[in-house]
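Working notes, beginning with the structure itself.
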Amino acid sequence: MNIQFKPEELIISTIADMLEGLSHVAIGASSPIPGSAALLARAKSKGKLRVSMLGSEEHNAFTNGGTELFDCAAQGRIDAFFLGGGQIDGRANINLVGIGEYPRSKARFPGSFGSAYLYFLVPRVILFREEHTPRVLVPKVDFISAPGISAENIYRPGGPYALVTGRCVFIFNKKLGSFFLKSLHPGHTIEEVDEMTGFTYEKPINIPQTPKPSAATIELIRGLVADEVSETYPAFAERVFAN
Amino acid sequence: MNIQFKPEELIISTIADMLEGLSHVAIGASSPIPGSAALLARAKSKGKLRVSMLGSEEHNAFTNGGTELFDCAAQGRIDAFFLGGGQIDGRANINLVGIGEYPRSKARFPGSFGSAYLYFLVPRVILFREEHTPRVLVPKVDFISAPGISAENIYRPGGPYALVTGRCVFIFNKKLGSFFLKSLHPGHTIEEVDEMTGFTYEKPINIPQTPKPSAATIELIRGLVADEVSETYPAFAERVFAN
Amino acid sequence: MSLHLDNINTLIELIDSGNKLALAPDYSGCAMKAVRYLINHKVRDLHLVGVPSIGFQGDMLIGSGCVSTVETAAVTIGEYGLAPRFTDAIKKGAVNIIDGTCPAIHAGLQAAEKGIPYMPVRGIIGSDLLKKREDWIIGNNPFDKEDSPLVMVKAIAPDVTLIHAPLADREGNVWIGVRREMMVMAHASKTTLVTYENLYEGNLLNDTNMAAGTISSLYISALALAKNGAWPVGLFGTYPADDTHLRLYIEMARTEDGFQNYLSQYVLDKEIKE
Amino acid sequence: MSLHLDNINTLIELIDSGNKLALAPDYSGCAMKAVRYLINHKVRDLHLVGVPSIGFQGDMLIGSGCVSTVETAAVTIGEYGLAPRFTDAIKKGAVNIIDGTCPAIHAGLQAAEKGIPYMPVRGIIGSDLLKKREDWIIGNNPFDKEDSPLVMVKAIAPDVTLIHAPLADREGNVWIGVRREMMVMAHASKTTLVTYENLYEGNLLNDTNMAAGTISSLYISALALAKNGAWPVGLFGTYPADDTHLRLYIEMARTEDGFQNYLSQYVLDKEIKE
């Protein structure tokens, strides 16, 4: 059986698998794909997974203002979070500030948000950036909004777990402080990933393909997840899930 | 014209005069007389004075839980507060903990509450203790819940302003670090106060009498104040203000 | 994922001897019914934390021998007088007292809420309270060496918070209104146990007005319905204290024997059979 | 003691050039109408504090030349793209940027709320943010020398907080529901100015349900009614953003000229005559 799916659906399914067995996943601003993945994982967990999604009324239990997400993470009550980056390097450093000399960046991004904190405190931080080019995945970020690794004496229960792009999945090896190519998305090649990645990374001899979503998963994505995520991201839901 | 009034009414009127011109007075637990005085001052201010009274629904604007009173004081938004003490000494140290060796006090009081903080941060702290005996007004307290004076390098916008008892009014002189007898309540003598006060204090040659409440003030106390304070202290209002 | 338990007994089993147990003062949310169960369970060596003070429930737990340490800004039963079993335990040295002050207790809990090791607090310096506290250290303002020293209060992370609330919903969300210190307690504690007066039909978080005063079920470990659960103390906005009964308690608890009589009449084996 | 002003003009006169002005992000309470007045008043040298980020109002104030410093965790207009006037000002070095991170901004405001000089915050160490901040110092846990160093964030005390809220009452109490960061802003600021969407009949503090989400008038310096006061941004629980207008803004503000056109069409002298 050959199931048709969109690239976004593959990524949603892939990220959702990384959330299996967790209790609480938080989603920051402007994150429709991580949000969809979390809602999919929630559906699969039969409600055991709690999702706190910024901007959602239905999936947001925070009642203590802007500080609660951060306090909650510090209390160890958030298992996974998502971060992106204008630049991401091979040490999993992320740059949400700008390109070029700081502060007069020649390309300025919005800013670091809570990354410099949540990257330290949330055990499983999944980096997600759909664009997989040497412009984004660089040897060394121009500005470290949040570092991928820390010295041993730094309190850091959290950190990078994986990097998911439009082409592949990397797993971060904390001991080595580098990424390991875990799988290539269907239709993408190692040569392409090599060429489009600005940093060096480990890879296995035989590179597996990112598992395709099952028919049941696709059904869940297009049904419940599409419906639920449209509350917060109507434009995204319309674009990706509408037939 | 000779107006009849109760000792409590004199004290209420005396304390209310100390609150004239202020913007915000807070009242802690179990403080019916300071509470009545604050409500009287509020009535006289035509509502300009805000009263925040623990236990009141009508006169309590705090919506941020137990921490708000203390934060509010630190912000400089509380002009006056009241403290008592199982013991009070001539340096305006107060003891809310117990008599004798700590911690196995032979007489144990409830505890220090917020005194160790509010005494430092509220500009005008009025000490009030109806019982005026050598047992309460001691040369030196057995335990300093909160000190009357602090070294110059200690951040202390607040501190003791006056001590009002059932017999007289003392004003605290911060420079000298001692009390000054300001007035004797009608019917009380300097000999009696000398005998009943365990600490030494300054006094003028001619000791004034504590001003008696005017007829208008008495009317206000028995009318509006009695009514308002009965919300929080029904037993007190019944005992003192009922004819 | 229901956190609702059938009865208070099961709820109380989540409290172990030796736990650091945070409790509210009489004017806030006191789970008095649950406390009577706790006494029946013969829990021992509790380290009570009054947030920032405790009243009748503290006195009863101390009198029942459940408590080894009391950390609080006060043990107070307000206008009723001095807390008789607490006062007696202090005199006998039967309980270890950690005297604090309200804002420092709030600061310690807020530090735990934020996952930071301590919080600076103004005031306190020169108080004898400071002499007895190893969890308070005098520090400096790193931004202004000329500034006053200030007290650094160590984080207070209770094992368990036990409170009574007016409302809870089926999801396990708990409404506490402006009694926000109970939210801080829940955030700071590993386990939060709640008894509640009434079930709220619907989801408290879905009503914008109610949500502002609600502790999310995220922080609630388990809860159980307890009608009149704060009695004989009052519950804010719900019912007043039972003045007659509280005066009776004060009268009986004046002596050790009288307190034991109170226990057998009103506490021991009573609640279990309810 | 009414804090109510007849019009937004009088409210805005309470903001001076050079003030440190705290603002909310687009998803919270943005006093957009008041911001248009502010632009008309030609206020200069503002030090904006985004709590913890700012959006359209920040971009407009920057583009109008009202701002010398932006202190924020982000300037973001969400899905609409990059904030055009902010990005341009950074490129030209026309504005001083103090890049922060959300929890540190909240911590700085909470320190001001508590009257303490600083608050410890976890994380951050190793971020380049730290290199540029003199108001962040690395310190230690005084209770455990083996523990990780941690950042001490200096208190942030804004001169003025300017927000828009769904409801206010005649007493000057302001309802903000779960958008609690606006309460912290008010507590931390010397002056708090509020525009509000609707007048609440009665006293918000007398309704137990509403009180939990209300900032007491104690912290409100002045307020003014502003119908549709958050437009074109949305107001939580009240109305959504005007998507079409915001896209138009983005389009026009792409260039300096386009932005000036936007100002003359929608901002300059408009509000004054309303």
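The values are calculated or read from the model by the stated rules, or taken from the named source; none is laboratory data. This one's a predicted model, so the numbers in the text were calculated from it and none came from an experiment. All Cβ positions, glycine included, derive from the backbone under ideal geometry; neighbour counts span all protein chains shown.
Residues that are among the acidic types (Asp, Glu) and within 26 Å of C:Glu71 (Cβ to Cβ) were ranked within segment C:156-182; the one that is surrounded by the most Cβ atoms within 10 Å (Cβ to Cβ) is C:Glu181. One residue stands out among those in segment D:121-152 that are part of a strand (DSSP E or B) and more than 11 Å from chain A (Cβ to nearest Cβ): the one that is farthest from B:Gly76 (Cα to Cα), which is D:Gly139.
A:Thr217 meets all of the listed conditions (1) modelled with pLDDT under 95; (2) touching a helix residue (DSSP H, G or I) at 6+ places or on another chain (Cβ under 8 Å) but one, namely (1). Every listed requirement among (1) within 20 Å of C:Ser28 (Cβ to Cβ); (2) among the β-branched types (Val, Ile, Thr); (3) touching an Asp or Glu at 6+ places or on another chain (Cβ under 9 Å); (4) within 14 Å of chain B (Cβ to nearest Cβ) is met by C:Val160 save one, (4).
Do you know which residues across segment A:51-71 are among the aromatic types (Phe, Trp, Tyr) and touching a residue at least 12 places away in the same chain (Cβ under 8 Å)? A:Phe70, the sole residue that qualifies.
Of the residues making up segment C:98-119, those that are more than 14 Å from chain A (Cβ to nearest Cβ) and either surrounded by fewer than 24 Cβ atoms within 10 Å (Cβ to Cβ) or among the hydroxyl-bearing types (Ser, Thr, Tyr) (or both) are C:Ile98, C:Thr101.
The residue that is farthest from D:Arg36 (Cα to Cα), counting only those in segment D:194-251 that are acidic (Asp, Glu) and more than 14 Å from chain C (Cβ to nearest Cβ), is D:Glu201.
Any residue that is assigned to a loop (DSSP other than H, G, I, E, B), over 25 Å from B:Gly148 (Cβ atoms) and either within 11 Å of chain C (Cβ to nearest Cβ) or under 21 Å from the mean Cα position of the chain (by Cα) (or both) - is there at least one of those in segment B:91-109? So far as segment B:91-109 goes, yes, one or more of its residues are assigned to a loop (DSSP other than H, G, I, E, B), over 25 Å from B:Gly148 (Cβ atoms) and either within 11 Å of chain C (Cβ to nearest Cβ) or under 21 Å from the mean Cα position of the chain (by Cα) (or both). Scan segment A:213-240 for residues that are under 10 Å from A:Pro32 (Cα atoms) and not in a loop (DSSP other than H, G, I, E, B) and the total you get is 5.
Could you list, in sequence order, all residues of segment A:131-148 that are more than 14 Å from chain D (Cβ to nearest Cβ), part of a loop (DSSP other than H, G, I, E, B) and surrounded by 14 or more Cβ atoms within 10 Å (Cβ to Cβ)? Give the derivation first.
Initially, segment A:131-148 is screened for residues more than 14 Å from chain D (Cβ to nearest Cβ), giving A:131-139.
Those still in the list that are part of a loop (DSSP other than H, G, I, E, B) too: A:131-136, A:139.
Passing the criteria: A:His132, A:Thr133, A:Val136.
Does segment C:1-20 contain any residue that is within 14 Å of chain A (Cβ to nearest Cβ), more than 11 Å from the chain's Cα centre (by Cα) and surrounded by fewer than 18 Cβ atoms within 10 Å (Cβ to Cβ)? Within segment C:1-20 (the criterion being within 14 Å of chain A (Cβ to nearest Cβ), more than 11 Å from the chain's Cα centre (by Cα) and surrounded by fewer than 18 Cβ atoms within 10 Å (Cβ to Cβ)), the answer is yes, since at least one residue qualifies. Candidates B:Lys44, B:Lys48, B:Lys106: the one that is among the basic types (Lys, Arg), on the phi < 0 side of the Ramachandran plot and in contact (Cβ under 8 Å) with a residue 60 or more places away in the chain is B:Lys44. State all residues of segment C:67-81 that are hydrophobic (A, V, I, L, M, F, W, C) and either assigned to a strand (DSSP E or B) or modelled with pLDDT of 95 or more (or both); if no residue qualifies, say none. Scanning segment C:67-81 gives C:Val67, C:Val70, C:Ala73, C:Ala74, C:Val75. Would you be able to say whether some residue in segment A:121-132 is out of contact with any Gly (no Cβ under 7 Å at 6 or more places or on another chain) and either more than 22 Å from D:Cys102 (Cα to Cα) or polar (S, T, N, Q) (or both)? No; the residues of segment A:121-132 include none that is out of contact with any Gly (no Cβ under 7 Å at 6 or more places or on another chain) and either more than 22 Å from D:Cys102 (Cα to Cα) or polar (S, T, N, Q) (or both). Residues in segment B:61-90 that are within 17 Å of C:Arg179 (Cβ to Cβ) and at the interface with chain C (Cβ under 9 Å from one of its Cβ atoms): B:Phe62, B:Thr63, B:Asn64, B:Gly65, B:Gly66, B:Thr67, B:Glu68, B:Leu69, B:Phe70, B:Asp71. For segment D:205-274, please list each of the helices (runs of 4 or more DSSP H) lying entirely inside it that holds at least 2 residues being of a type outside the set (Val, Ile, Thr) and touching a Pro at 6+ places or on another chain (Cβ under 7 Å). Correct list: D:243-252.
Based on this model, can you work out whether B:Ile94 counts as buried (at least 24 other Cβ atoms within 10 Å of the Cβ) and not hydroxyl-bearing (Ser, Thr, Tyr)? Yes: the conditions hold for B:Ile94. Just to verify a result, which residue in segment D:170-193, among those that are within 11 Å of chain A (Cβ to nearest Cβ) and part of a loop (DSSP other than H, G, I, E, B), is nearest to B:Asp71 (Cα to Cα)? Result: D:Arg180.
Residues are listed down the side, and each one gets a yes or a no for (1) in a loop (DSSP other than H, G, I, E, B); (2) at the interface with chain C (Cβ under 8 Å from one of its Cβ atoms):
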{"site": "B:Leu118", "(1), (2)": "no, yes"}
{"site": "B:Phe128", "(1), (2)": "no, no"}
{"site": "B:Ser150", "(1), (2)": "yes, yes"}
{"site": "B:Ile154", "(1), (2)": "yes, yes"}
{"site": "B:Phe179", "(1), (2)": "no, no"}
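Does A:Ser30 count as more than 11 Å from chain D (Cβ to nearest Cβ) and hydroxyl-bearing (Ser, Thr, Tyr)? Spelling it out, it is not the case that A:Ser30 is more than 11 Å from chain D (Cβ to nearest Cβ) and hydroxyl-bearing (Ser, Thr, Tyr).
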